[in-house]
Every structure is written in structure tokens, then in C-alpha cells.
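What follows is a short report on a single structure.
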Amino acid sequence: MYFAVICKDKPDALQIRLDTREAHLNYIAQTEERVFMAGPFLQDGKMTGSLVIIEGDDIGVAQDWAKNDPYAHAGLFAEVTVQEWKKVVG
């Protein structure tokens, strides 16, 4: 099963994202067996959030992944949503 982790950054939090980006990318690399795809949301070319598709047996896997993301620990996100996602194309 796949789950979408949809994260929206706090306003004016780009510096937190930039300061924590290397740790976040390392976390993705360390958990690559679970990460199907990932990337930032953009607004006017600036990163404003994240979309990470997690593969797992249940939603708890994706919720745990999101909770342990260095971005979450740094307080980057205003909102995090985890929901089941179905791959149709690609």
C-alpha cells in the first residue's frame, strides 16, 4: 500500500528548511526501502512544503516516518496530513 505524507511549511520558514535539508535528505536515503517518491512543493520557485509517498503495510508506517523526519523535529511544518494513496499512472 502507498500513503501520501503531505506537509505544508510554516509561513516564512524557508531558512529552517534550508538548514535542515541535508538531514532530511539523509533520512530519505536511510529509509529508501519505504520511500516510493518525494519532492518539495514550490511557490514562485521557493520550497513551501513536501510530498512523500511511503510504501507500507498500514498507515502507521507512514505516520511514524513523518514523525521521525528531521523537518518535523525542526518544527518546519504548519500541517502534516497522511492519507492512503493509489498509484494509477507512472
Which residues among the range 69-89 fall inside the zone where the amide N is under 20 Å from a point 7 Å beyond the Cα of Thr31, along Cα→Cβ?
69-87
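Calculate, for Glu84 and Lys10, the FRET efficiency according to 1/(1 + (r/R0)^6) with r their C-beta to C-beta distance and R0 25 Å; round to the nearest 0.05. Kindly include the intermediate steps, with their values, before the conclusion.
Details: r = 26 Å, r/R0 = 1.03.
About 0.45, to the nearest 0.05.
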What are the ³J(HN,Hα) values, in whole Hz, obtained from phi via the Karplus relation 6.51 cos²θ - 1.76 cosθ + 1.60 with θ = phi - 60°, for each residue of the range 5-21 in sequence order, with x given for Gly and Pro?
9, 10, 10, 10, 5, 5, x, 6, 10, 4, 5, 4, 4, 5, 5, 9, 4
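Which entries in the list Lys67/Lys87; Lys10/Lys67; Lys8/Lys67; Lys10/Lys46 go over 25 Å, if you measure between the two C-alpha atoms of each?
none
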Fewest-first ordering of Val89, Val52, Val35 by Cβ atoms within 10 Å yields Val89, Val35, Val52
Consider just the alpha-carbon atoms of the range 7-49 and return their Rg together with their Dmax, both in angstrom.
11.3, 32
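For Cα pairs less than 8 Å apart in space and 6+ apart in sequence, what is the mean separation divided by the residue count of the chain, i.e. the relative contact order in percent? Could the numbers behind the result be given before it?
On the way: 147 pairs, mean separation 45.1, N = 90.
Over the chain, the number comes to 50 percent.
Jot down the per residue volume, in cubic angstrom and as a whole number, of the convex hull over the alpha-carbon atoms of the range 2-85. Kindly include the intermediate steps, with their values, before the conclusion.
On the way: hull volume 6.8 nm³, N = 84.
Cα convex hull per residue, to the nearest whole number: 81 Å³.
The numbers here are math on the coordinates, done by the rules we state, and not lab data. Values in this document were obtained by computation on a predicted structure and should not be read as measured data. Here Cβ is always computed from backbone atoms with ideal geometry, including for glycine, and neighbour counts include all displayed protein chains.
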